[in-house]
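Inspection log for the structure reproduced underneath, given as structure tokens.
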Amino acid sequence: MKRIFLITVLILGAAAYGFAQMGGGGGMMGGQKHEGMMEQKGQMMEQHKGMMSHDDMMNNMKDMMGRMSDMMEKMSGLMKDMSKDNMKAMSGMMKDMCSEMKNMSGMMDKDMASEKDMKKMHDRMEEMHKKMSDMEMKK
């Protein structure tokens, strides 16, 4: 009987402690939590300035994936009779593309991308496209 009483007291004590931690205690702590939540919301709103909408982000990603696909197709054609120097340049290009795909994957995973980050990615894509054109000319 003592065991049952002791177990009941422990369970009720744990429940009361959990209730107090969740903010059920009200009073002064409840007001402080509310202010903290409002401050966090304001910070989150500030962070979302300059962020792209989901549709815009996905359209940009589709565009970049299409360009990468075109570059990979061109690479396939260039590999027929390639010199060692061109092979190294192609290897660097493939590493750059992998890096960009990893960045895109991270943005998609978060479902967030800032306009600034997307512009950087587009700029890097342009650089890769120029390198690809230079490789085609050397062939």
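Looking across the stretch 77-112, just one residue is more than 18 Å from His129 (Cα to Cα), more than 21 Å from the chain's Cα centre (by Cα) and surrounded by 13 or more Cβ atoms within 10 Å (Cβ to Cβ), and that is Met82.
Tell me whether the stretch 87-97 contains one or more residues that are among the small types (Gly, Ala, Ser) and closer than 25 Å to Met51 by Cβ. No. Under the condition of being without any contact (Cβ under 8 Å) to a residue 24 or more places away in the chain and part of a helix (DSSP H, G or I), the residues counted in the stretch 59-91 number 14.
The residues of the stretch 92-139 that are touching a residue at least 24 places away in the same chain (Cβ under 8 Å) and hydroxyl-bearing (Ser, Thr, Tyr) amount to a single one, Ser114.
The numbers here are math on the coordinates, done by the rules we state, and not lab data. No experiment lies behind these values; they were computed from the predicted model shown. Heads up, the Cβs are rebuilt from the backbone with ideal geometry, glycines too, and the neighbour counts pull from every protein chain shown.
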